[in-house]
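What follows is one structure encoded as C-alpha cells, with my remarks underneath.
The values are calculated or read from the model by the stated rules, or taken from the named source; none is laboratory data. As the structure is a prediction and not an experimental result, all values here were calculated from the model. Cβ placement follows ideal geometry from the backbone for every residue including glycine, while neighbour counts extend to all protein chains displayed.
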Amino acid sequence: MRSQEITKLQKLERLQKGVQDVWNNWDEVDSVEHLSQERQRAWKKLLTSVAATESSELVLMGALLDGFKHQPEIQSYFVSHQMDERRHHRHLNQYVLKTFGYFKRKSTLSDKVVYETLFPKIAHLCAKSPGYGIALLLFFESFGVTFYHLCRAQAENDHLEKLVQLIDQIEKDEKRHLAGLKILLQASMYSEWTALDLVTLDSLLAMVVLDVNFSWWAIHNRAVRRNALEVGLNPTELSQAAFSAAAQVHRQIKTEMRRGRLWH
Ligand SMILES: [Fe+2]
Ligand SMILES: [Fe+2]
C-alpha cells in the first residue's frame, strides 16, 4: 500500500479511537408507553436482529486481522474498526434491554446456521484470502448505511429520540468504515484475482444477501420481515437495497481487478 493511503487510513483510525472515547459510556433509554404492545415487541426484536448482524461483522474482522498479519498498519486500522462494531452490538443490545426490558438468551435455528456455522467457515476463507473479507465487509457497510437511514426515519416517527441519537452515531461510523474499506480495496491484491475468484465472491455475496433478505419468500427471516413491517419499514425496499449493495460490490471488485492489471 502506498504511503499516501497509509496516512489516510491512520487518520480514520485516529477518528475511530476518538469516537470510542466519547461514545463508550452512552447509556440512554427511551420511554415507550405511547407505543402499542405489538410495536414495542417489533422494535425490540428487530433491533436485536440488527445487533446480531453487527456481531457477524466482528467475526469477519477477526479473520481479516489474521489475513493482514504481515501488514501492521492495516491490522491496527482493523482493531479500531472492530471496536466500533463491538460498541454498535453492545449499545443496541443495551438499549433494547434498558428500554424494553428484553434480552435474547436462546439462539434460533437460523442463528445457529448463519452465525455459528456459516460465518466461521466464511471467516476461515477470508483469513486465507483477505480480498473476500474486504468485499463482504463492503457489502455489510453499504447495506448498513441504507438500512440505518430507513430505520432512523421510523424511530423518529415513533418519537424514540434516544434511538435516533444512537442510529445517527452508528450511521456516521458506518460511513467512515466505508471510506476505510475503499482505501483497503487497493491493498487487497485484486489484480491477482481470476474469474473463478469473482465467481466465488458472487456466491458468498449471495449468501449474505440471503442472510439480510426481507422478501416474503425468505422463510428464515419471516419473523424479521414481520417486525420490519410492524415498525413501518418497507421489506421490498430493504431487499432491493441488499441486492443493489451486492451488485455494487461486484462492480467495484471487477474494477479493482482491471485497474491492478493496468499497473502491472
Ligand atoms: Fe456497525
Ligand atoms: Fe461498520
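Within region 136-191, track down each residue that is part of a loop (DSSP other than H, G, I, E, B) and either on the phi > 0 side of the Ramachandran plot or not charged (D, E, K, R) (or both). I'd like the intermediate steps shown before the answer.
Narrowing region 136-191 to residues part of a loop (DSSP other than H, G, I, E, B): 158-160, 186-189.
Within region 136-191, HIS159, LEU160, GLN186, ALA187, SER188, MET189 qualify.
Every residue in region 149-171 that is within 16 Å of ligand 2 (Cβ to nearest atom) and crowded, with 16+ Cβ neighbours inside 10 Å, please. Break it down stepwise before answering.
We begin by selecting, within region 149-171, every residue within 16 Å of ligand 2 (Cβ to nearest atom); these are 149, 151-152, 166-171.
Matches in region 149-171: CYS151, ARG152, LEU166, ILE167, GLN169, ILE170, GLU171.
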All-but-one check, PHE78 against (1) within 16 Å of ligand 2 (Cβ to nearest atom); (2) among the aromatic types (Phe, Trp, Tyr); (3) over 20 Å from ALA179 (Cβ atoms), failing number (3)
Residue match in region 94-111 (condition: surrounded by 19 or more Cβ atoms within 10 Å (Cβ to Cβ), touching a residue at least 12 places away in the same chain (Cβ under 8 Å) and either under 17 Å from the mean Cα position of the chain (by Cα) or farther than 27 Å from ASN25 by Cα (or both)):
no
Test: residue in region 192-202 that is more than 16 Å from ligand 2 (Cβ to nearest atom), in a helix (DSSP H, G or I), at pLDDT 95 or above and under 19 Å from the mean Cα position of the chain (by Cα):
yes
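Out of GLU57, GLU38, I need the residue that is in a helix (DSSP H, G or I), buried (at least 16 other Cβ atoms within 10 Å of the Cβ) and of a type in the set (D, E, K, R). Which one?
Numbers: GLU38 fails: buried (at least 16 other Cβ atoms within 10 Å of the Cβ).
Only one candidate qualifies: GLU57.
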Take the residues in region 21-35 that are at pLDDT below 95 and surrounded by 15 or more Cβ atoms within 10 Å (Cβ to Cβ), then tell me which one is farthest from GLN154 (Cα to Cα).
TRP23
